[in-house]
Each structure stands twice: as structure tokens, then as C-alpha cells.
Amino acid sequence: MSQYEATVLVPIARRMEAIGDHTGAPGPTRFERRDPDEGGGDTTTPGSGTTVLTETAKPKLKRPPMFKVILLNDDYTPQEFVVHVLEIFFGMSHEKARQVMLTVHMSGSAPVGIYPRDIAETKSEQVNEYAQQNKYPLLSTVEMTD
């Protein structure tokens, strides 16, 4: 390690790691010491004995898009069955399920949950299959949230 690295670069890198970034950006930047002679970098001439510091940052993660499960009204499915479905598949209390069921009944449809795509599609399929097994025409669909 050269004197410049030992006295300047290493202390700066240590301070950056210790301080971190309190602005909400990804964690501290990590510096790696690589020797070009050993395949660690290609920005210098091989055999020059120069050390290259490279910067490694954490990847930025993006939240998955969210989807609404929408319950559709029909004139044949009993209200108590709809309440039962909301309690079982969406974990609603009996009172909350009754309120949502009335909203579906009065307005023709209502969102009953917001989930990542796979979960929303699975819940919708489960509701539709459960209604068919019980010989009711109750349907749910999935839409992307705004």
C-alpha cells in the first residue's frame, strides 16, 4: 500500500463508512482495493504496480406495482355468503365485511384489497373458485392501482 493510500484514501473511506448517509440514500459506499496485476482492474498498464480503488454501491430497490382485487355485485349471491368470503379471504371483521358487502351491493363493485400482482391474482382466483364450488355467480377481478 502506498503512503498516499495509507494516509489519504483509507482514512477517507473509513470516515465515509462510519458517517453513512442520513439523507435516505442507500447505505455507505464501499471501496475495494484491487491490484491490476492480479486481474483486479484494467484501467492501468499491467505490471505498473498501481492500485485501483473501485466503488461498489447497493442496488436501488423499487416497490412492486400494486393491484386492487375488486368484488362485483350480482343479484343471486346471498349477502351472508359475500360477508363470509370477505372474512375468510380478506381477513375482515364481520362488521367491516358487512360494510364492504353493502358498498358492493349499492355501487355494483368495490375494491376489497390491494396487493402485489401475484397475491391479488391468487386471491381473486380463490374467491371465484370458492363461489363456483358453492354454486354462486360471485366474481372478482384484478386491476392495477393508480
_Subset of region 54-77 (residues that are surrounded by 11 or more Cβ atoms within 10 Å (Cβ to Cβ) and touching a helix residue (DSSP H, G or I) at 6+ places or on another chain (Cβ under 9 Å))_ = Pro64, Met66, Phe67, Lys68, Val69, Ile70, Leu71, Leu72, Asn73, Thr77
_Any hit, region 116-137, residues being of a type in the set (Ser, Thr, Tyr), closer than 12 Å to Gln79 by Cα and in a helix (DSSP H, G or I)_ = no
*Kindly list the number of the only condition in (1) modelled with pLDDT of 95 or more; (2) closer than 21 Å to Thr145 by Cβ that fails for Arg63.*
(1)
*Just give me the residues in region 71-120 being farther than 18 Å from Gln132 by Cα, out of contact with any Asp or Glu (no Cβ under 8 Å at 6 or more places or on another chain) and hydroxyl-bearing (Ser, Thr, Tyr), in sequence order.*
Thr103, Ser107, Ser109, Tyr115
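The values are calculated or read from the model by the stated rules, or taken from the named source; none is laboratory data. Just so it is clear, the structure is predicted and the values come from calculations on it, not from any experiment. We place every Cβ from the backbone using ideal geometry, glycine too, and count neighbours over all the protein chains shown.
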